[in-house]
Amino acid sequence: MKVAAIAAALSLAAFAANADDRLVRFDGGIGVIPVSAGQGTAATATVVTRNIVRGVQPPGQLWVISSLKADVRSDGSIRVDGRGLLLAGGNGIGTNAGQSVRATLICDNTATPQLFDSGLVPLEANGDFRIDDVLTPAPPAVCASPVLLIRNPAGSWFAAGIVR
């Protein structure tokens, strides 16, 4: 009886420790709109402001994402479940454009923020993807002002996570 109680207590303690080592969680996603503002009176803007997030450029086209959930642990391990990351404009609308993506965690809002990246995974035809990796380099013990970007191999961001 005592052994069973000790085993149960140890199991519960291990579960609680695992739950407490979460650095940051994201639940929900936002697709990219590459241009955040335009100027000019003509039908075509003469000057545009690109939607740059913490120094990371957007792609040339709109992208949407149906859902995104991500957990980043204090040891740098990351799990991301993305659904429906697809082009939202242009001739390839509704496709994955043959892209692969990585998750990038940014923990500060400075002039030169450090990027913590996962490896690349291919998008499925329907835009779904899963990342189960370790960020490089390892993120800091405290992630102030976290942003999670989903980026392509060239570095453009396609979607962002919503912090929970």
Quick count over the range 23-49, residues being farther than 21 Å from Ser100 by Cβ, of a type outside the set (Ser, Thr, Tyr) and touching a strand residue (DSSP E or B) at 6+ places or on another chain (Cβ under 6 Å), is 12
### Task
Determine if the range 3-13 includes at least one residue that is out of contact with any helix residue (DSSP H, G or I) (no Cβ under 7 Å at 6 or more places or on another chain), modelled with pLDDT of 95 or more and exposed (fewer than 12 other Cβ atoms within 10 Å of the Cβ).
no
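Out of the range 120-136, which residues are free of Cβ contacts under 8 Å to residues at least 40 places away in the same chain and not acidic (Asp, Glu)? Give the derivation first.
As a first pass, look at the range 120-136 and keep what is free of Cβ contacts under 8 Å to residues at least 40 places away in the same chain: 120-125.
Scanning the range 120-136 gives Leu120, Val121, Pro122, Leu123, Ala125.
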For the range 123-163, the count of residues that are more than 17 Å from Ser66 (Cα to Cα) and loosely packed, with under 12 Cβ neighbours inside 10 Å equals 6
Listed by first then second residue, the pairs whose first member lies in the range 69-87 and is over 14 Å from Leu23 (Cα atoms), whose partner is assigned to a loop (DSSP other than H, G, I, E, B) and small (Gly, Ala, Ser), with beta carbons under 6 Å and at least 6 positions apart or on separate chains, are Arg83/Ser66; Gly84/Ser66; Gly84/Gly127; Leu85/Gly127; Leu86/Gly94; Leu86/Gly127; Leu87/Ala97
Matching residues in the range 111-122 (modelled with pLDDT of 95 or more, small (Gly, Ala, Ser) and surrounded by fewer than 22 Cβ atoms within 10 Å (Cβ to Cβ)) number 1
Within the range 24-45, restricting to residues that are assigned to a loop (DSSP other than H, G, I, E, B) and either among the hydrophobic types (A, V, I, L, M, F, W, C) or modelled with pLDDT of 95 or more (or both), the one that is surrounded by the most Cβ atoms within 10 Å (Cβ to Cβ) is Val32
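A quick yes/no check of all residues on (1) buried (at least 21 other Cβ atoms within 10 Å of the Cβ); (2) assigned to a loop (DSSP other than H, G, I, E, B); (3) in contact with a His (Cβ under 9 Å, 6 or more places away or on another chain); (4) aliphatic (A, V, I, L, M):
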position: Leu68; (1), (2), (3), (4): yes, no, no, yes
position: Val72; (1), (2), (3), (4): yes, no, no, yes
position: Asp81; (1), (2), (3), (4): no, no, no, no
position: Ile93; (1), (2), (3), (4): no, yes, no, yes
position: Ala97; (1), (2), (3), (4): no, yes, no, yes
position: Ala103; (1), (2), (3), (4): yes, no, no, yes
position: Asn109; (1), (2), (3), (4): no, yes, no, no
Of Leu68, Leu105, Leu85, the only residue that is of a type in the set (A, V, I, L, M), at pLDDT 95 or above, farther than 25 Å from Pro139 by Cα and within 12 Å of the chain's Cα centre (by Cα) is Leu85
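The values are calculated or read from the model by the stated rules, or taken from the named source; none is laboratory data. Note that the structure is a prediction, hence the values are computed from the model and not measured. Quick reminder, even Gly has a Cβ in these numbers, built from the backbone with ideal geometry, and neighbours come from all protein chains shown.
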